[in-house]
Structures are given as structure tokens and as C-alpha cells.
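First comes the structure, then the notes that go with it.
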Amino acid sequence: MTKAHLAHILGFPRIGPHRELKKAIEAYWRGEMTRAELERIGQELQQSNWKIQKDAGLDFVTVGDFSWYDHVLDTSAMLGVIPERFEHTDKNVDLNTIFCMARGQAPQVKEAAACEMTKWFNTNYHYIVPEFTEDQTFALSTDTLFNAIDQAHTLGYRVKPVLLGPLSFLWLGKTKNSEFNKLSLLDKLLPVYNEIFDKLRKRNIDWVQIDEPILVLDLPKEWQTAYVSAYQNLNFSNLHCLLTTYFGSVTDNLAIINKLPVHGLHVDVCSDPHQLTEIMKSFPKDKVLSLGVINGRNIWRADLQTILTELQNVKKTIADKLWIASSCSLLHVPVDLDQETQLDAELKSWLAFAKQKVQEVALLSQGLNQGENSISEALSKNQAAMKSRHSSKRIHDVAVGKRLEKIATDYSHRKNHYEKRAQKQRERLNLPALPTTTIGSFPQTQEIRKIRHDFKTGKIDNNTYLKLIKDQIANVIRKQEALGLDVLVHGESERNDMVEYFGELMNGFAFTQNAWVQSYGSRCVKPPIIFGDVSRPKPMTVEWSKYAQSLTTHHVKGMLTGPVTILSWSFVRDDQPVSTTALQIAFALRDEVEDLEKAGIGIIQIDEPAFREALPLRHKDWQQYLDWAVHSFRVASSVVQDQTQIHTHMCYSEFNDVIDSIAALDADVITIESSRSQMELLKAFEKFAYPNEIGPGVYDIHSPSIPTYEEMIMQLEKALQYIPISRLWVNPDCGLKTRNWPEVEQSLKNMVNAAKLLRKKYVQATSDSTAHVE
């Protein structure tokens, strides 16, 4: 019996249920695993993922979603987009070249500057940015996709390959050497896609998934127009194309989409359910409509009965042209809820990870094809879970609600403007020009991880744990003093993760054993789950900061993670506005900031690396987000006196479009990741006179390469074109937890030397070199 309503997903997590891919890749980088062993593990993970999809009842297995590092980087490799500095001369792009592009180093490959990395739309996944030159050529340069298809066919699976579409690929890249219109490359790119399609046809592929996520953005007119001409020049022939969008609404680009010679459209109705009404008005009757009704970006169990009712209404209009799918790739959620053996039964019943979401997609398809009675038992269990969550008393805290009701207007304002605060801070802190510091974390060594693990598993008692962590802090302080840094940090030895650590100390959070998701490359994070109202029962960082400060005469920063980042890097409850949850977190942090100041900490850093990434994709939605995001940060930070200096840190972002809101945060000092872009991000300050102090990252911590002090001087010289020396700080571009000590010490030594040399060049210092430039 042929199914009318097919079920599929847009992609599955690559990392494995126990981060098998991460461990294998890092072992390969260290020379502890052969290439053949690495490839065997990759094949096993792919085959396991395909089996999960088939066993659940999906009609396709998605192939091409697996990646050794990043799927955008894979697309660059497939299309032969390899920057000259990697000295690639072979016809086929080798895996080691791909690794070198991502991180600057790889086995058997000459070291080179890594490609830029940035956030994938408004997620916490990072992709490697393609680099295009005006004379760019394209050529099919890897067989990875086709080999995977052949393997899946051998195992008897019906395959749906996935490709990043040509327009989205160009959009996500950047021009190098000279400014030019990336669309000028389109005519040279399309023949390579047609070559790929020809290879797919020879493998008897029926449907190919072409991801064009930029169709949910505010596209310029020329890019909209380019879609029509580009897709008319793509030779699908007997191949059916499912044009795939996600993360937002396609409504504004629907007129363009309807003109494209594709055979189906996938839309993400989880991110914007209202677009479905508009789509149905004009959707071609001869095309498939794939609805992403299972959310690929959160971990909450879907309300199957409600979704099924909505799908049945759509079915009345488009009949057998309706497909059921995940909203986006499931790489943004953990692999398998079955691996969580320590979550309490009630909370666990509210959740669904990737494997369970695959099952939800299949159940909905079965319900549409065979009727609700065919899944009655599953629907009954699902509704019981929905009712349990809705009525649970553990979600709401009356005291938290009352505090939010009584918020005062002065909660979000410092007592004076930056100029007055800065004078008091200079008098208190007495820092030199170009003060040097780090972003917060230092290497998380095996020794540190063992201490935390032994404490968590009861192998050591609390007193022993405290002593061992204090020893680590003392070691970090001594090393920073020896390096000559001006403002120190305590190193964060006690922290497993910059969000999870705080979540473990606040009410309203839950934690998992194996709910890892990929952030970039082999870097995985385990986001906490915000299921209820958030509050802080007691101080979270004060004792560690006090202890670190007691060891030195240098100022030691108190280190916190900001409300927007805690929100963005957690799986957040969906039963109240995210702005309300953000404000709850802000009040918890406000209490911590106040306690740090009372403990004598003169510099407090509230990191917001997710501030730009959480920005909505459409301009019309920006201001509402920016209003509550800025307000939350200011509620957390504005409790301090003028002489206490507030820092914040932000990750790879395009700041130009939100620079006024970043200034509105009113942090005394902002540090930003800018080294991989060669300080290009600072162009945002050409037209906007940022009023406070700035520390652009002078070297890339995501690469194991050690920068010379000459390289960092060049970076600082570029920064001085945009920022007065009186307001310029010197720091790495992010935390150092993923690096090893030899790399860190040599890099920081070079950084401090670079700052000292520039002080001599630009500053008429006093005899003890401690005068601050006004």
C-alpha cells in the first residue's frame, strides 16, 4: 500500500549518543587514531542514524547531513572553494584540508590561518564561512556525498540526499581580496550543481532536498530575482527537488518561491505557524508541501493531538501532496532521551530528543494515512504527558512572579553616565593604557575534570573538593601574574560550562547526563533545561571570586553569564514568553552582582556572547527582541555603584546592525571576537561613535596556532583606527578553556609584549609606566 503522506526529517545529529564523533576526531588530530579508524567510526554513526529513521517508519533516510566538522565547510570542499593559503592542488579535497580550513592545523597539512567561523542564523551552531574571490572557480571536488548514498543503498534504504542550495551558499560566504557582488559567481556555480544532480540521477535518486534557508530572510531584490533565473538553469530532469526552508516564515518571498520549477516546498511552521494560512492561498496544487511540525530546536514533547488536528485540516485542501517533517535539522537537539537514566520520570515524560522526534514525525504520518485509531495508544500517552506538564506545581514560583510585578524603573539604569563612572573607575583601578586581560576561562585540564567528576560521584568529599579547586585557582593567579596581565580572572576551574554551571545553582533548571549538541566542529555543549520559574537560592560565584582576589594585589574580575545567553544556550520552556524567563534570570544575576560588589570585587563581567545570535531573522521583529534583551542585561548589571566596572563579552557577530543596542547595554567595557575577521567587525564603529571601552580580540583561541606578538601588534594597530587608545583593551577573542597550557602561556606572553610595545610607541608614560591615557 502506497503512503500518501510521507514522513521525513531534514537531518539528524552527527555526534553520536555519547559524542563518539567528537572523541574520534580529537583522537585523530592528536595522532592517536588512524584515518581508517576515524572513517570506520563515521560510517558506523551514519548507519546507526539511518537505522533509527527507518525503524521509526520514516519514508526516506536523509543522507548528506553527516559532517566531520560542518556542512557548510563540506559544501565549500565539494564545490572546490579552497582558499589559496591552504595550497590545495589535488583534484579531490582531502579530509585533512577540510580540518585545516576549520582550525588552522591538521595532520600532514601545512599550517595556515583558519577560515572565519560565525553563527548559523539565530542558532548556537557555528559554520565555517566560505571565502570567494572575484576570479573564483568551482569544480566538483569530493565524492563524500555519493559514497554515503551508495552505502545507504547497499543497506536497502530509500535515500533523500540533502544539499545546501547555491543561493544560500553564496549568501553565507564572504568576498576576499576585493569587494564584488557574490551573485556574479552564480553562473559559474550552477553547472557544478547540475553535475551533482546528474550523479544523483545515475544513482536512481527520486527526491533531493535543497536547503535554501535564506528564503526566510529579508532578501534584497536582486537576490529574489536571482532565484528565478538560477533555478530555471538547474537541470532537475527526472529528479524531484524539495526546496527546504527553516527558522522563519517564507511569506515575504512566497511569490518568488511559487515561480520556481521545484517539485515541493518545506516550511517551518514551528517558528511561524501563521505563515501556513498565507501559503495555502496560493500554493500550486501540483507540488508537495512538507510541513515542519515537529520542532527541531527544542526538547519538549509535541502535542500530537493538536498537531494532527491541524494537519487533517490542511489535508482537506491539498490531499496527498502533504508531507510530515521536522521543522529543521535535528542537529540542534540531543540524540536520544533513552540515554537519560537519572531524570525523574515526570520531567522525562515531557521531553523528546532527536530519536523521539523522529518517532513523533512517523506517528503523525501514520495517523494521517491510517486514521487516529491506528495510533490511539501513543496519542493517549502523549496527552497524559501534556496534562502532567500543564498542571505540575513545580513550574510556578509565587515569589518570582511577585518580584517581577514590582520591578522599579531605576532597576535598569546606572546612577551616572559612563563619563562620570569612568573617572571613578580609573581612580579605583589604576590601570595602564592598553590594559591586558583574558575573557574568563583557562584550560580545563584532565586534572580539573577529574576533580569535578570525583566530587560529583562521591569519590571525594566537599572539603577535599574545595581545597583542590582552590589550588587550581591559586595556580591560575600565579601564572597570570608571571605573564604580566593587568586584570586577572580566577580561571573557572569549578565550572563545567558557562551556562550549565549557573543553571545548576538556580531554581527552575534541570540537567541531563548525555544531552549533548554540537556547537562547532568537535565542540559539544550540554544545555540545561529551563522548565520552571527561575531564582537564585544563594550566592553562586562570590566565594570563588573572594578567594582569588585574596591571592593578589591585581584586580580579579567576577565572572557571570548574562541573561540572554543563559536563555539562548538552554532549552527554554515554551509555556510563557521568553522575555519573561529572561527577566527572571536577570533578577537572579542582579542578586549575584550585588553580592560580588559587597565582597569587594571591583570588576564584574557579565558575558553575553549570544546577544546578536538571538536576534530574530526578520527586521520587523528586531526591536521587540532588542528591547527586552537590553532591559534584561541592564536589570542584571545596574545595581552596582559607579566605581564598579561592568564588562561584557560577545562572540562572532555582525555588530553593525545592532551597534546602538549594544551601546544601550551601557557596559563600561565590551570585549568582542574579531581576530578571524582581521578586525573587520570594527568597521561598525566607523559610523557609530561607541561611547565606552572596547577590547577586540587580538588572537583566535579556536585555533591551536600560536600567534606572534608582531601579528597581534598588527591587529591592535587596526583596532586603533577605530578606537582611541584611552578606551582600548587587549585580550584574546574568547575564553581559553579548550586550549592547553603551553599554547595559552606562549600566546598570552606574546599578547602582553604586544601591548607593552604599543604603550611605548603611543603613550608618554610615567616612570613606572602606570599612567592612564586620558
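Annotations
- Sorted peptide list for 189-196, 149-156, 506-513, criterion being average Cβ within 10 angstrom, highest first: 506-513, 189-196, 149-156
- Dipole moment magnitude, nearest 20 debye, the chain about Cα centre, only Lys, Arg, Asp, Glu C-beta charged: 880
- Using only Cα coordinates, the Kirkwood hydrodynamic radius of the range 143-229 works out to 14.8 Å.
- Spatial offset of the range 354-381 relative to the range 712-745 amounts to 53 Å, using the alpha carbon center of each.
- For the range 499-517 and the range 538-607, distance of Cα centres in Å: 15
- Take the Cα of LYS381, step 7 Å toward its Cβ, do the same at LYS188, and the gap between the two points is 5.5 nm.
- Largest first, the residues HIS240, HIS332 sort by 1.4 Å accessible area into HIS240, HIS332.
- Remark: the range 393-474 carries 61 Å² of accessible area per residue (probe radius 1.4 Å; ligands, DNA and RNA excluded).
- The range 719-767, accessible surface, carbon-and-sulfur percent (1.4 angstrom probe): 49
- Listed residue (VAL744, GLN383, LEU757) projecting farthest to the positive dipole end of the chain, Cβ model: GLN383
- For the peptides 47-56, 561-570, the ranking by packing is 561-570, 47-56, with the highest mean count of neighbouring Cβ atoms within 10 Å listed first.
- Remark on MET117: its backbone amide H falls under 5 Å from those of VAL129, a criterion applied only to residues 5 or more positions apart or on other chains, H modelled at 1.01 Å from N.
- Anchor LYS620: aspartates and glutamates whose Cα lies under 16 Å away (excluding residues fewer than 8 positions away in-chain): ASP218, ASP252, ASP272, ASP657
- Relative contact order, whole percent, for the chain stands at 13, derived from Cα pairs under 8 Å and 6 or more residues apart.
- Of the residues LEU183, SER249, TYR722, the one whose Cα sits farthest towards the positive end of the charge dipole of the chain is SER249 (charges of +1 on Lys and Arg Cβ, -1 on Asp and Glu Cβ, taken about the Cα centre).
- The candidates LEU615, LEU757, arranged from most to least accessible area with a 1.4 Å probe in the full protein assembly, appear as LEU757, LEU615.
- Acute angle (nearest 10 degrees) that the helix 304-318 long axis makes with the longest principal axis of the chain, alpha-carbon atoms: 50
- Net length gained if the chain between SER519 and ASN92 were fully extended (0.36 nm per residue, minus Cα distance): 151.0 nm
- Among the listed pairs LYS479/LYS526; LYS51/LYS357; LYS174/LYS259; LYS54/LYS315, a Cα-Cα separation exceeding 19 Å is found for LYS479/LYS526; LYS174/LYS259; LYS54/LYS315.
- Highest to lowest packing among 721-727, 439-445, 248-254, 320-326, scored as the average C-beta count within 10 Å: 320-326, 439-445, 248-254, 721-727
- Chain lengthening between GLU372 and THR552 when straightened (0.36 nm per residue, less Cα-Cα): 58.0 nm
- Beta bridges per DSSP, both residues in the chain: antiparallel share near 20 percent.
- When only Cα pairs below 8 angstrom with a gap of at least 6 residues are kept, the range 55-203 shows a relative contact order of 28 percent.
- Estimated 222 nm signal from helices in the chain, with DSSP H stretches of n ≥ 4 weighted -39500 (n - 2.57), rounded to 500: -12500 deg cm²/dmol
- For Rg/Rh (Cα atoms, Kirkwood Rh), the candidate list reads (i) 0.99; (ii) 1.02; (iii) 0.96; the entry that matches the value derived from this model is (iii).
- Only protein heavy atoms count here; under a 1.4 Å probe, LYS526 has an accessible surface of about 20 Å².
- Degrees separating the helix 622-637 axis from the principal Cα axis of the chain, which is the longest one: 30
- Amide H to amide H distances under 5 Å link ILE672 with MET650, GLY695, GLY697, where only residues 5 or more positions off or on other chains count and H is placed in the peptide plane.
- Efficiency of FRET between ASP286 and HIS453 - r from beta-carbon atoms, R0 60 angstrom, step 0.05: 0.55
- Average accessible surface area per residue within the range 253-384, 1.4 Å rolling probe, Å²: 39
- For the chain, the longest principal axis of the alpha carbon atoms and the long axis of helix 354-370 meet at an angle near 30°.
- For LYS402, the lysines whose Cα comes closer than 18 Å to its Cα, not counting residues fewer than 8 places off in the same chain, are LYS393.
- With a Förster radius of 56 Å applied to the beta-carbon distance between THR580 and ARG158, the computed FRET efficiency rounds to 0.80.
- Placed amide H near SER519: partners under 5 Å, 5+ positions off or other chain: CYS524, VAL525
- As a fraction of the 1.4 Å probe accessible area of the range 444-520, surface on carbon and sulfur atoms comes out at 50 percent.
- PHE531 sits among other residues whose Cβ lies under 13 Å from its own Cβ, and their net charge, with Lys and Arg +1 and Asp and Glu -1, is 0.
- Per residue, the average separation of C-alpha pairs within less than 8 Å and at least 6 apart gives the range 259-313 a relative contact order of 39 percent.
- Largest-first ordering by accessible area, 1.4 Å probe, given options THR464, THR277, THR89, THR541: THR89, THR277, THR464, THR541
- Carbon and sulfur %, accessible surface of the range 257-321 computed with the full protein complex present, 1.4 Å: 50
The values are calculated or read from the model by the stated rules, or taken from the named source; none is laboratory data. Values in this document were obtained by computation on a predicted structure and should not be read as measured data. Neighbour counts run over all protein chains shown; Cβ positions are idealised from the backbone, glycine included. We work out accessible area using only protein heavy atoms, side chains counted, and drop any ligands, DNA or RNA first. Shrake-Rupley method; radii C 1.70, N 1.55, O 1.52, S 1.80 Å.
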